[in-house]
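Remarks on the structure that follows.
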Amino acid sequence: MADTPETSTPDTGAAAAESPRTPILSVRDLRAAYRGGDGMIPAVRGVSFDLYPGEVLALVGESASGKSSVAHATLGLLPSNAEVSGSIMYEGRSLLDLKGDERRQVRGGEIAMIFQDAMAGLTPTLRIGEQVAELFLAHERLDAKAARAAAIEALRPLLPDAERIVDAYPFQLSGGMAQRVMVAMATALRPKIVIADEPTANLDPAVRLETLTWLEELRDRGTAVLLITHDFGVVARLADRVLVMYGGVVAEEADVFTIFRRPRHPYTYGLLSSLPSVMSGARLTPMRGNPPDLATLGEECAFLERCPKAISQCRTLPSPPLVAPEATPGSDVPVAPGHRVACFNPMVVDLRETR
């Protein structure tokens, strides 16, 4: 998994949940499946959430949990063998119904994405300046000279030698420089939403810090960030709220403070227990088993085979819905607003009591 959280965990999510706000992005019952040789393979199975302006919402979980499929479905970037249903509403418009020029205007101009593999996200035969300038040519109708100047200004905050970088090809850049180019491209037009898919994967510490700082600045300017990651250190630093995904569904939803202190789903608990702790003598508890085979998932909880708290209901009933957990017996700590868990037998011991 990832490093120990890098900074103290903010508690802004709980406070935000108490005041009514209008979401900029609302996803309801999103489902995505891929057509394979043996039929349809479900990757996302009924995911719902809201994303608010100036908020960082993190989707976390192991590989194949459905995180990236949610992000790609939002922008219409799933491959041709994918089938998508449900609702994705952006400022009153259905993103699933957008076509042609209307979709292209939203994609990149109003909702941008930082891809996980920066090198794969850049066209190898075009200079960096041409790729960044294309944003201004397509969305702001600038001429070629003005678009090049705008590209340099977009790169300058992240790459001081932007005048040189615009004439370079992707293969002439290091991985860290390519990542900074991707961040600059995603934020050049000041989009209202940025989807960051593993934005710090494979980066050295210096570039990682720069990328996280830039995402914080975006959030502070009011940009909504949908953060896709398996790195709980990044979650602790950036996120306001967290959705924990497993087997294509949301296993738990809460503000970031609650997730780290009082996780209630056994999967969330297991993920956090397997992280190294800064506490002297803290025990590292690996999670048993492997993620499920999506092609053979049944109606019961996808975590059943790995769960240390499974009971008869887990084996005989369909997967439980997301509901607010009950208060911990004997504790005067109330259930946090917005905390929901999909489990018949949730954890009752706070994580900090076992670390």
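Among Ser273, Ser174, rank each residue by its count of other Cβ atoms within 10 Å, from fewest to most, as a rough exposure measure. Write down the numbers at each step before the final one.
Details: Ser273 19, Ser174 12.
So the residues, fewest neighbours to most, are Ser174, Ser273.
Among 296-304, 180-188, how do they line up from the highest to the lowest mean number of other beta-carbon atoms within 10 Å? Walk me through the numbers on the way to the answer.
On the way: 296-304: 16.8, 180-188: 24.1.
Packing order, densest peptide first, comes out as 180-188, 296-304.
Can you give the Rg and Dmax of the stretch 151-302 based on its C-alpha atoms, in angstrom?
So, for the stretch 151-302, Rg and Dmax equal 18.7, 56 Å respectively.
Under the 0.36 nm per residue contour assumption, what length would be gained going from the current alpha-carbon distance of Leu284 and Glu163 to full extension?
Computed gain between Leu284 and Glu163 is 38.8 nm.
Multiply the residue gap between Asn81 and Asp220 by 0.36 nm, knock off their C-alpha separation, and tell me the result in nm, one decimal place. Before the final figure, lay out each step's value.
Values: separation 139, 0.36 × 139 = 50.04 nm, distance 3.80 nm.
Additional length available on full extension: 46.2 nm.
So what does the Cα-only Debye profile of the stretch 120-184 read at q = 0.22, 0.26, 0.29 Å⁻¹, as log10 I(q)/I(0), no solvent term?
Result of the Debye calculation: -0.84, -1.15, -1.36.
Mind checking the full-extension length gain between Ala201 and His139? Use 0.36 nm per residue of separation minus the Cα-Cα distance, one decimal, nm. Provide the component values of the computation, followed by the final result.
Numbers: separation 62, 0.36 × 62 = 22.32 nm, distance 2.91 nm.
Extra length from Ala201 to His139 when fully extended: 19.4 nm.
Mind sorting Val84, Val166, Val70 by how few other Cβ atoms lie within 10 Å of their own Cβ, fewest first? Display every interim value, and only then the final one.
Numbers: Val84 18, Val166 22, Val70 26.
With the fewest neighbours first, Val84, Val166, Val70 line up as Val84, Val166, Val70.
What distance in nm separates the simple spin-label points at Ser274 and Ala324, each placed 7 Å from Cα in the Cβ direction?
3.1
Restricted to Cα positions, what overall size does the chain have along the principal axes? Three whole-Å values, descending.
Principal extents (Cα only, largest first): 67, 49, 40 Å.
Give the order of Lys99, Lys192 when sorted by the count of other beta carbons within 10 angstrom, beginning with the fewest. List each step's numbers first, then the result.
Numbers: Lys99 8, Lys192 18.
Ranking Lys99, Lys192 by Cβ neighbours within 10 Å, fewest first, gives Lys99, Lys192.
Among DSSP beta bridges whose residues both lie in the chain, state the antiparallel percentage, nearest 5. Before the final figure, lay out each step's value.
Values: 29 of 48 bridges.
Here the antiparallel bridges make up roughly 60 percent for the chain.
Any read-out appearing in this document is the output of simple, stated calculations on the displayed coordinates, not a laboratory observation. Please read these numbers as outputs of a predicted model, since none were measured by experiment. Heads up, the Cβs are rebuilt from the backbone with ideal geometry, glycines too, and the neighbour counts pull from every protein chain shown.
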